Amino acid sequence: MQDNAFANCTNLKAITVPCSITAYPSTPSSTIVNFVGTLEDWLKSSVVLPIGQILYLNGAKLELTGTVSIPDTVTMIKDNAFWQCSNITGINLPSGVTRIGANAFSGCGSLSNITIPDSVTKIGEGAFSGCSSLSKITIPNSVTIIEKNAFYSCTELRELIIEDGETTLTFLNSGTYVNSVNEALYNCPLETLYLGRSFDCYGASPFAYKTTLISLEIGKNTKTIRETAFVGCSGLTSITIPNTVENIGVQAFRKCTALKEVIIEDGDTELNFLDDNSIVVFTECPLETVYLGRNLNFESFCSPFSEQDNLASVEIGDKVTSIEASAFYGCSGLTNVYYKGTLADWMNISFSSSSSNPCNYGADLYINGTKISDLEIPAETTNIGAFTFCGCKSITRVIIPDWVTSIGAYAFYKCSGLPNFINIPGNITSIGKYAFSKCSGLTQLYIAEGETPLKLENSIFSNSPLESIDLRRDIEFDDEPPFAAMTTLKQVYIDGNVTNIADGAFSGCTKLESVAIYGNVENIGQKAFFDCENLYMLTLSSKLATIGSYAFAGCWRLEYVSRDTRESPEPLTIGDYAFAYCSSLFWTILQDTNATVIGDCAFYGCDLSGLLIPLTVISIGDSAFKENFWLSSTKRLKMASLTASGR
């Protein structure tokens, strides 16, 4: 029968359709359609009545009540099949049904019980819309498509189970962008959701802004939680991410304003966060606790947990081997960090930055429930890695054993509870930048003798109030001297295996008062103590051979300079400007020094009141004693009984 068979038949009131008809034309909406045949014939026929038409079977108006059993021979519930059958309370669908058509049960207000068989692959547009008595629905794993409005205004639908499955479930939507409304579950007061597999949709998620949703269970077959999946679900308080989930999309849990707990289960594979550099997964969620059971992968500064001001506690599982940079950036409220593994396991975690370590903001560290206060490095650990104890407030004592060979960058950065004394054993060959920076209690440093020089990176002790340093071996550095400009340092003692004090090593230490150099030191580098303006007492090693240019220049309070005479002192070369502007020096400065060469301007501007040049001196450079006011005064020279011995 062709589409226009009843065109313009405006007074047509009824039509009888034999079961042999395979195509049914459009007719006025108030037309009574009398189908000749059984209900089974009607359901199996290809005749689809437009919404509004009244169906009669064999002359009697179709009146269905209670539970309706669909015959086993029916393979598809066609469009509008049971539209507005308001007295149906239950539907038994046969196992062979593959599709539930558009508006098939729309308006069945009494329908409270239906089981969708696992043969169904598609649920059509508006299929269950207006089924206001439905409280629970299970979507079998065979369903691959749910069209728009499928459960529109099911006003009692509180529980939805999407069974475990391997295929992705797709929700079709009239909108095409993420902030459009997805009508599949519109006006459904969903409270409980079991998500047994991944889902996708065109535009907004069907679960977005489900403010009634209070329980979410994610099944093991779910591989991806798509973007905006649960955005605005303000009733959720806790979620668990199984170890089978591989990807979580942009804003997946954004604006879940009651979400306080996130559990990422232990797993061996990475969990990927697909963020957009501006709004991350848990933005506007007041997270308080996080369990991190596996490695995370995310773009730099797009950590899912960054800027979580309420986050107070983090627990890390023993399967975590690395934590990306900025993982806990801005989580300034963190107070407790718990780790399930051993201390050795913790020290094997690769931290990418200070904010990748959850202790960074001053949290206490617990290993297997025990608060770490006395830190003893395990026997199997030779390296204290970068950022390992960064910010750990609970550490109040550190024992670094001889088997440790290196300390990484920021290893103890901001450890405010560290004791006032740190011993660096002789087997340690390198210490990374900022390793002990901002350790507010650290005042004394002992660097033990060792067979090799100690390589120090930049700013290792910056903003730590070191007052004394006992140095027993050579140090090396590439850029900035690690002890330069340390304004709290008062005392330096150098002995042991030290042979060289590097250029600029202690320059600008403005509160440094005394320096004692003993042992095997042969060379003091250029500007080694330059501008140490409060230095007043200096002892030099008997083996010292060279004082570099400007080594003590600007130490204007320096009064006493002596040389260790327990052994015969080696010949000494005093470099150019070595003591320039040391205006407090006594006239006996060169006595017992065994100086042989005095460089250009070596004592320029010192205002020496007198001078005793020993016989050992064989060379005095240009202007070596220039701008010494008292030496240039004849009267003063006479009073000082100036004696020149040698040249």
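The values are calculated or read from the model by the stated rules, or taken from the named source; none is laboratory data. Quick caveat, the model's predicted, so the values are computed rather than measured. Here Cβ is always computed from backbone atoms with ideal geometry, including for glycine, and neighbour counts include all displayed protein chains. To get the accessible areas, we keep the full protein, side chains included, count just its heavy atoms, and leave off ligands, DNA and RNA. Shrake-Rupley method; radii C 1.70, N 1.55, O 1.52, S 1.80 Å.
Can you tell me which residues in region 606-626 are closer than 18 Å to GLU559 by Cα and open to solvent by 10 Å² or more (accessible area, probe 1.4 Å)?
ASP607, SER609, LEU611, LEU612, ILE613, PHE625
I need a count of the residues in region 232-252 that are open to solvent by 10 Å² or more (accessible area, probe 1.4 Å) and closer than 22 Å to THR211 by Cβ.
7
So, in region 462-498, of the ones that are of a type in the set (Val, Ile, Thr) and surrounded by 19 or more Cβ atoms within 10 Å (Cβ to Cβ), which residue ends up nearest to LYS438 (Cα to Cα)?
ILE469
Filter region 52-65 for residues that are more than 17 Å from ALA104 (Cβ to Cβ) and not in a strand (DSSP E or B); which is least open to solvent (accessible area, probe 1.4 Å)?
GLY59
Looking at region 253-281, which of its residues are closer than 22 Å to GLY341 by Cβ and open to solvent by 30 Å² or more (accessible area, probe 1.4 Å)?
Of all residues in region 253-281, those closer than 22 Å to GLY341 by Cβ come to 261-271.
Across region 253-281, the qualifying residues are GLU261, ILE263, GLU265, ASP266, ASP268, THR269, GLU270.
Which of the residues spanning region 522-543 are under 15 Å from ARG563 (Cα atoms) and in contact with a strand residue (DSSP E or B) (Cβ under 6 Å, 6 or more places away or on another chain)?
First pass over region 522-543, keeping only residues under 15 Å from ARG563 (Cα atoms): 522-524, 536-543.
Within region 522-543, ASN523, ILE524, MET537, LEU538, THR539, LEU540, SER541 meet the criteria.
Could you check region 87-103 and list, in sequence order, the residues that are over 12 Å from THR67 (Cβ atoms) and surrounded by fewer than 16 Cβ atoms within 10 Å (Cβ to Cβ)?
If the condition is that a residue be over 12 Å from THR67 (Cβ atoms) and surrounded by fewer than 16 Cβ atoms within 10 Å (Cβ to Cβ), then PRO94, SER95, GLY96, THR98 are the ones that fit.
Can you name the residue in region 183-196 that is open to solvent by less than 70 Å² (accessible area, probe 1.4 Å) and farther than 24 Å from SER238 by Cβ and is also modelled with the lowest pLDDT among such residues? Steps first, please.
At the first step, the residues of region 183-196 found to be open to solvent by less than 70 Å² (accessible area, probe 1.4 Å) are 183-185, 188-196.
From what's left, farther than 24 Å from SER238 by Cβ: 183-184.
On the way: GLU183: 83, ALA184: 91.
So the residue we want is GLU183.
Let's see how each residue does on (1) under 24 Å from GLY333 (Cα atoms); (2) of a type in the set (S, T, N, Q); (3) modelled with pLDDT under 95; (4) under 24 Å from the mean Cα position of the chain (by Cα):
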{"site": "THR381", "(1), (2), (3), (4)": "no, yes, yes, no"}
{"site": "GLY391", "(1), (2), (3), (4)": "yes, no, no, yes"}
{"site": "ASP402", "(1), (2), (3), (4)": "no, no, yes, no"}
{"site": "GLY417", "(1), (2), (3), (4)": "yes, no, yes, yes"}
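Of these, ARG158, ARG99, which one is farther than 30 Å from GLN251 by Cα and among the basic types (Lys, Arg)?
Being farther than 30 Å from GLN251 by Cα and among the basic types (Lys, Arg) holds for just one of ARG158, ARG99, which is ARG99.
Scan the strands (runs of 3 or more DSSP E) fully inside region 528-593 and keep the ones with 3 or more residues being under 53 Å from the mean Cα position of the chain (by Cα).
537-540
May I ask you to verify whether VAL74 is under 53 Å from the mean Cα position of the chain (by Cα), open to solvent by less than 60 Å² (accessible area, probe 1.4 Å) and touching a residue at least 24 places away in the same chain (Cβ under 8 Å)?
no
Before we move on, is PHE273 touching a Phe, Trp or Tyr at 6+ places or on another chain (Cβ under 6 Å), within 13 Å of THR228 (Cα to Cα) and at pLDDT 95 or above? Give the steps one after another, and end with the answer.
Numbers: touching a Phe, Trp or Tyr at 6+ places or on another chain (Cβ under 6 Å): yes; within 13 Å of THR228 (Cα to Cα): yes; at pLDDT 95 or above: no.
When the stated conditions are applied, PHE273 does not pass them.
Which one of these does VAL68 not meet: (1) out of contact with any Cys (no Cβ under 7 Å at 6 or more places or on another chain); (2) open to solvent by 40 Å² or more (accessible area, probe 1.4 Å)?
All conditions are met except number (2).
Please go through region 373-397 and give me each residue that is open to solvent by 20 Å² or more (accessible area, probe 1.4 Å) and among the hydrophobic types (A, V, I, L, M, F, W, C), ordered by number.
Selection gives ALA379, ALA386, PHE387.
Which residue, of ILE116, ILE161, is more than 20 Å from ARG226 (Cα to Cα), aliphatic (A, V, I, L, M) and at pLDDT 95 or above?
On the way: ILE161 fails: more than 20 Å from ARG226 (Cα to Cα).
Going through ILE116, ILE161 in turn, the sole match is ILE116.
Looking at region 326-350, which of the residues that are β-branched (Val, Ile, Thr) and under 14 Å from SER313 (Cα atoms) is surrounded by the fewest Cβ atoms within 10 Å (Cβ to Cβ)? So that I can check it myself, show each step before the final result.
So the first thing to find is which residues in region 326-350 are β-branched (Val, Ile, Thr), and the list is 335, 337, 342, 349.
In the following step, the residues that additionally are under 14 Å from SER313 (Cα atoms) were identified as 335, 337.
Values: THR335: 14, VAL337: 24.
Top of the filtered list is THR335.
Name the residues in region 213-246 that are of a type in the set (S, T, N, Q) and at pLDDT 95 or above, would you?
Residues satisfying the conditions are SER215, ASN221, THR222, THR224, SER234, THR237, SER238, THR240, ASN243, THR244.
Only one of (1) modelled with pLDDT of 95 or more; (2) assigned to a loop (DSSP other than H, G, I, E, B) is not met by TYR446, so which one is it?
If we test TYR446 against (1) modelled with pLDDT of 95 or more; (2) assigned to a loop (DSSP other than H, G, I, E, B), just (2) comes out false.
Quick grid of which residues meet (1) closer than 19 Å to VAL143 by Cβ; (2) surrounded by fewer than 19 Cβ atoms within 10 Å (Cβ to Cβ):
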site	(1), (2)
SER198	yes, no
TYR202	yes, yes
PHE207	yes, no
THR211	no, yes
ILE218	yes, no
LYS223	yes, yes
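Which numbered condition trips up GLU284, out of (1) open to solvent by 40 Å² or more (accessible area, probe 1.4 Å); (2) in contact with a helix residue (DSSP H, G or I) (Cβ under 7 Å, 6 or more places away or on another chain)?
Looking at each condition in turn, GLU284 falls short on (2).
What are the residues in region 142-170 that are in contact with a helix residue (DSSP H, G or I) (Cβ under 7 Å, 6 or more places away or on another chain) and among the β-branched types (Val, Ile, Thr), if any?
Within region 142-170, just ILE146 meets the criteria.
Is it the case that region 47-61 has a residue that's at pLDDT 95 or above and of a type in the set (Phe, Trp, Tyr)?
Within region 47-61, none of the residues are at pLDDT 95 or above and of a type in the set (Phe, Trp, Tyr).
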